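One structure is given below, encoded as structure tokens.
The values are calculated or read from the model by the stated rules, or taken from the named source; none is laboratory data. Because the structure is a prediction, the values reported are computed rather than measured. Heads up, the Cβs are rebuilt from the backbone with ideal geometry, glycines too, and the neighbour counts pull from every protein chain shown. Side chains included, ligands, DNA and RNA excluded: accessible areas come from the protein's heavy atoms. Shrake-Rupley method; radii C 1.70, N 1.55, O 1.52, S 1.80 Å.
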Amino acid sequence: NNVILNYSNMSNGESINLTCPPTHTGILLTTCDDGSVSYRGTCGINCPASTVTSNGAVVDLPMIHHNDDPAVLTTWQCPDPYVGNISVRCFMGALRWEGYCNKACTAGQWERPSSSAIVKYPQLDHTEKYSGKCEPIYSTLSYSGNVSFVCVDGEVESTGGCYSDCTAGQIENNNIKIDYGFIPVDTTLLVPCLPDDWYGIVSILCDFGYPVVVNGTCGKLCRSSIYTSFATRDFKMTTPDIKHQMSAWVTCPREVSGQLYMGCDNNRLTVLEGSCGERCPSESLAVYGAHFFSPAMKHLESYDQPCMTPYLGKVHVSCKLGKLNVTSGCKQGCWGGNMTIAGGALLRYPDMISGERFSVSCPLGYAGFVTLQCGDQVPFVQAGECHKHCDPGRYFTDFWNVEHAQIFHSDTVEVTCDAAFDGYAVLKCNDGVVSLQDGGCYKRCTNGRFTVRLGIALRHARLGHGEMSPSMECPEGYVGSVRLKCEMGVVSIGEGGCPAHCTAGGIQGARYKYMLHTENASLVCPVAGTLSVRCFDGVVTILGGKCLNGCPAGRLIDENKSIIEYGTLEHLGNTTGTCAGNSTGYVQLNCTDTVVMLDPLPGQRCFKHCVAGTLKTSDGTKMSTPAMQNGQRLPIKCPGTAGSVTVRCSDGGPYVFSGDCGPQNCPAGKTLVGQTEVQHPEINHGEETDKPSQCPGDFLGEATFSCSGAKAEVLNVSLLYPAIVNLSAKDFFAGNATPAFLDEHISEYFELCGCCIPAGPPPGSLPIKGVDMRKIILWAASVGSVGVLLATVSGLYVMRPKNLRFRKRSQIYPNEQAEAIKDEEPVEGKIVAYDGPEQDDGTLRIAGKTVQKPPRVQFLNDLPPDW
């Protein structure tokens, strides 16, 4: 940190502490090591006095010392009126701080929406709470409720509310008025209907300023009257005055007996309970245990008659609707004797009167105590049980059995197992049934061989039940050891095992060598990827990784259900798939571990062909379209009207590419072209015929037509007439010529004004004198011979001997006498150069003289004059 600290001389290995300067904080432990000084610790620069702004609050901070410990913080309180703390630490001259300064809330008031109630609150600090009562703006109003306020960082949040009370007033129920007093909100008040409570009492709830009847109703009282119904057995009964929503017991008419509980609901009487019925006269009754005369009884009255000796109990008699209902409860005593109870115990008992109880111990062979009670001539068990002891015998299980003596109920005995078994059995008797309480008999295992796994059989000595053999090593090719265990005479592996090593092989195409049990290996896949494998008990399993393989040829279906066929792909390779079936196009595909995925280049996709269907043109004409290839154009005649359209297939959807149906098109017909009419096909508006129409009969020419507004017009008339000798225009028909012939003579045609009949042949011309080629051949041979002769003479002259050659007199450099060699004077008959160009009068300057240019020799005077 650019801090320089001075230190004094130090011995080797000596250490001293150096204190950082006041601008920094820290101590350096300085050590001398073989003349070199090293140190541990840091000098952290202190943070000068500054400010921290939190939520608009500016917190003044003094100088803070550097500290490496992030847990050491200095806390400063936020300035008024903010609430909160700022925790600050200094690290290497930079402030690290946390905390927050929260704003206070100014005093204000809360207003209930759409009402005339307010709640005022004072100034609140952050997190401070206040609860205020509702205050009405107008004295004639009343409100209940409280509003709780809490200040959250300068914002006041409220809960609760002000709710309108119900001031005194009047309401109606069933057209009857009800006067009520003041009712606080969400409370009820019992109020009588007008004019008094004979017309009912209701409970009124104040539902946020609205009085609502929640219980009871108002209605007319039921005046005293004569009441007749099925309940009075059709006799007249006088009822008293009964308040609305109240009830009263009324005695039935004197012709019958009983009472009715009558209720009144808005001047309507209703029987709530009770009944009227005929009285029952006295009768002679003979029932089980009694014979007596019943008294005269009212409807629903009952009577109990004691039973006659020796019977005990009562006979219950009741009257209902003039008929008696008699139930005998008489019971006779029990004569002494014996009875067998549940479990088979035979008990003896003395004479007993009905209801008497007798206690007796259980007989020999049983345990317990029983209380018998006399019912009607026959006693029954009122309490207790007799539990049978267990007779001597054998106790059997699925694997062993033991013999036991008699076992008393709830007792246990310990029995020794038979000679072929080890152990003991604790048996218990429960009500004659023997069960195993503890222990058991376990069969021993004889000595022999045990097959640990296929190919491994280990010998073992005799083993007791639960006993384990000593540890035995596994044979070669296997690893580990085994301890055998005996369970109920069956030998099994108690501990260990003999897992096998793994022979060389392959997995997912990757090859591995011989592996030991639990050995791990990393395999390289044949195409791409690696495998982490493990050998466990002769089986190689994959711990991680994967072998990535290529993709076989096949087909893929895209999101539009188009079939894309492709060939074999390598892993991470790509190819161009061909759209097949009802689609066309090419799409790039890629392969990732046997999975082929779409990877189209821009613009690549499968375009569907169009199936046969119906298409509607812009004028509303419907026409049938055949099946079409994508991009194919097909002309279709408009049904029922003139014209045709060109339909194009685009990705499974046919559309009108050009043309339209309607009266604006020109139907097929004839049009005057020059001197005759020419047949033309249908023509769409604004278009021309695809090919010219031949003029009829002897007329020459082909006419091309155009259509505009349902009217066909002649566009042009042309005549193709190849320039061939002796070929008559009327004898030539382009339809019979080959395309190659027409292309060769494409520029040989005439533009006509209309279809026309050709004129007769022109008169013949005079004979023209021919050329005698023999003269030309003779002259050519003569000139050639002369040329050969001149060439021979020139060659002989050039190749002559030196003695026949003259010396050259001219020198490159003048001789010592500076004699100049002069050109010879021109001699007549020698070839000399012109001194200048030929003059206008045909004269030339040669060697300083003016001469006339000689005439050119005429060699061809006998040639025809036209040459």
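Considering region 169-198, the residues that are out of contact with any strand residue (DSSP E or B) (no Cβ under 6 Å at 6 or more places or on another chain) and aromatic (F, W, Y) include one that is most open to solvent (accessible area, probe 1.4 Å), namely F182. One residue stands out among those in region 100-118 that are touching a Cys at 6+ places or on another chain (Cβ under 6 Å) and at pLDDT 85 or above: the one that is nearest to G84 (Cα to Cα), which is C101. The residues in region 425-474 that are open to solvent by 30 Å² or more (accessible area, probe 1.4 Å), free of Cβ contacts under 8 Å to residues at least 40 places away in the same chain and over 30 Å from E403 (Cα atoms) can be counted, and the count is 11. Residues that are among the polar types (S, T, N, Q), part of a strand (DSSP E or B) and within 30 Å of S148 (Cβ to Cβ) within region 160-182 comprise just one, S164. Examine region 192-215 for a residue that is among the hydroxyl-bearing types (S, T, Y), within 22 Å of E273 (Cα to Cα) and not in a strand (DSSP E or B), and state whether such a residue exists. Among the residues of region 192-215, not one is among the hydroxyl-bearing types (S, T, Y), within 22 Å of E273 (Cα to Cα) and not in a strand (DSSP E or B), which makes the answer no.
Residues that are open to solvent by 80 Å² or more (accessible area, probe 1.4 Å) and not in a strand (DSSP E or B) were ranked within region 311-359; the one that is nearest to C386 (Cα to Cα) is A342. Please go through region 561-586 and pick out each residue that is surrounded by fewer than 16 Cβ atoms within 10 Å (Cβ to Cβ) and of a type in the set (V, I, T). Those that are surrounded by fewer than 16 Cβ atoms within 10 Å (Cβ to Cβ) and of a type in the set (V, I, T): T568, T576. Among the residues of region 566-615, the ones that are closer than 20 Å to V647 by Cα and among the charged types (D, E, K, R) come to 1 in all. Contact map, region 791-810: residues that are open to solvent by less than 70 Å² (accessible area, probe 1.4 Å) paired with residues that are among the hydrophobic types (A, V, I, L, M, F, W, C) and at pLDDT below 80, Cβ distance under 6 Å, separation 6+ or inter-chain. Pairs shown: S810/I821.
Scanning region 122-138 for residues that are within 52 Å of the chain's Cα centre (by Cα) and outside any strand (DSSP E or B) returns D125, H126, T127, E128. When the criteria are applied in full, L766 fails the requirement of being open to solvent by 90 Å² or more (accessible area, probe 1.4 Å) and modelled with pLDDT of 80 or more. All conditions in (1) surrounded by 14 or more Cβ atoms within 10 Å (Cβ to Cβ); (2) over 33 Å from the mean Cα position of the chain (by Cα); (3) over 27 Å from C649 (Cα atoms) hold for L548, with the sole exception of (2).
Quick check on my filter: what residues within region 669-708 are farther than 22 Å from I757 by Cβ and open to solvent by less than 50 Å² (accessible area, probe 1.4 Å)? Show your work before the answer.
Residues of region 669-708 that are farther than 22 Å from I757 by Cβ, as a first pass: 669, 681-691, 706-708.
Within region 669-708, G669, I683, N684, T689, S706, C707 meet the criteria.
Just the residues that are open to solvent by less than 40 Å² (accessible area, probe 1.4 Å) and in a strand (DSSP E or B), please, taken from region 276-304. Within region 276-304, C276, G277, C280, L285, A290, F292, M297 qualify. Return yes when E135 is open to solvent by 50 Å² or more (accessible area, probe 1.4 Å), in contact with a Cys (Cβ under 6 Å, 6 or more places away or on another chain) and touching a residue at least 12 places away in the same chain (Cβ under 8 Å) and no when it is not. The answer is no for E135.
May I ask you to list the residues in region 83-99 that are open to solvent by less than 50 Å² (accessible area, probe 1.4 Å) and under 30 Å from E155 (Cβ atoms)?
Listed by number, the residues that qualify are V83, G84, I86, S87, V88, G99.
The single condition among (1) under 27 Å from D743 (Cβ atoms); (2) surrounded by fewer than 18 Cβ atoms within 10 Å (Cβ to Cβ); (3) touching a residue at least 24 places away in the same chain (Cβ under 8 Å) that L719 does not satisfy is (2).
Answer with yes or no whether F750 is open to solvent by 40 Å² or more (accessible area, probe 1.4 Å), on the phi < 0 side of the Ramachandran plot and in a strand (DSSP E or B). Write out each step before concluding.
On the way: open to solvent by 40 Å² or more (accessible area, probe 1.4 Å): yes; on the phi < 0 side of the Ramachandran plot: yes; in a strand (DSSP E or B): yes.
Spelling it out, F750 is indeed open to solvent by 40 Å² or more (accessible area, probe 1.4 Å), on the phi < 0 side of the Ramachandran plot and in a strand (DSSP E or B).
Just checking, which of S492, S532 is open to solvent by 30 Å² or more (accessible area, probe 1.4 Å), under 30 Å from A420 (Cβ atoms) and of a type outside the set (F, W, Y)? Even if it seems obvious, please write down each step before you answer.
Numbers: S532 fails: under 30 Å from A420 (Cβ atoms).
Only one candidate qualifies: S492.
K730 satisfies every condition listed in (1) modelled with pLDDT under 70; (2) closer than 23 Å to A703 by Cα; (3) open to solvent by less than 80 Å² (accessible area, probe 1.4 Å) except (3). Just one of the numbered conditions (1) in a loop (DSSP other than H, G, I, E, B); (2) surrounded by 14 or more Cβ atoms within 10 Å (Cβ to Cβ); (3) not basic (K, R) is not true of D234: (2).
Taken across region 648-663, residues that are closer than 27 Å to T575 by Cα and not in a loop (DSSP other than H, G, I, E, B) do occur, with at least one present. Scanning region 587-607 for residues that are under 24 Å from V527 (Cβ atoms), open to solvent by less than 60 Å² (accessible area, probe 1.4 Å) and touching a residue at least 40 places away in the same chain (Cβ under 8 Å) gives C591, T592, D593, V596. When only residues in region 508-522 that are farther than 8 Å from C547 by Cβ and outside any loop (DSSP other than H, G, I, E, B) count, which is nearest to the chain's Cα centre (by Cα)? Here the residue is S522. Name every residue in region 693-723 that is out of contact with any Phe, Trp or Tyr (no Cβ under 9 Å at 6 or more places or on another chain), assigned to a loop (DSSP other than H, G, I, E, B) and within 19 Å of H745 (Cβ to Cβ), in order of residue number. Across region 693-723, the qualifying residue is only A723. Annotation note: of G529, G497, the sole residue that is at pLDDT below 90 and touching a Leu at 6+ places or on another chain (Cβ under 6 Å) is G529.
Contact map, region 608-626: residues that are over 19 Å from N684 (Cβ atoms) paired with residues that are of a type outside the set (V, I, T) and part of a strand (DSSP E or B), Cβ distance under 6 Å, separation 6+ or inter-chain. Pairs shown: K608/S583; C610/M628; C610/C649; C610/P654; T614/K622; T614/S624.
Does K616 fit the bill of being more than 29 Å from I563 (Cβ to Cβ), open to solvent by 50 Å² or more (accessible area, probe 1.4 Å) and either of a type outside the set (V, I, T) or within 52 Å of the chain's Cα centre (by Cα) (or both)? Spell out the reasoning first.
Numbers: more than 29 Å from I563 (Cβ to Cβ): yes; open to solvent by 50 Å² or more (accessible area, probe 1.4 Å): yes; either of a type outside the set (V, I, T) or within 52 Å of the chain's Cα centre (by Cα) (or both): yes.
Answer is yes for this residue.
Do the conditions hold for D68, that is, is it touching a residue at least 24 places away in the same chain (Cβ under 8 Å) and open to solvent by 70 Å² or more (accessible area, probe 1.4 Å)? Spell out the reasoning first.
Details: touching a residue at least 24 places away in the same chain (Cβ under 8 Å): yes; open to solvent by 70 Å² or more (accessible area, probe 1.4 Å): yes.
Here the answer is yes, as D68 does meet what is asked.
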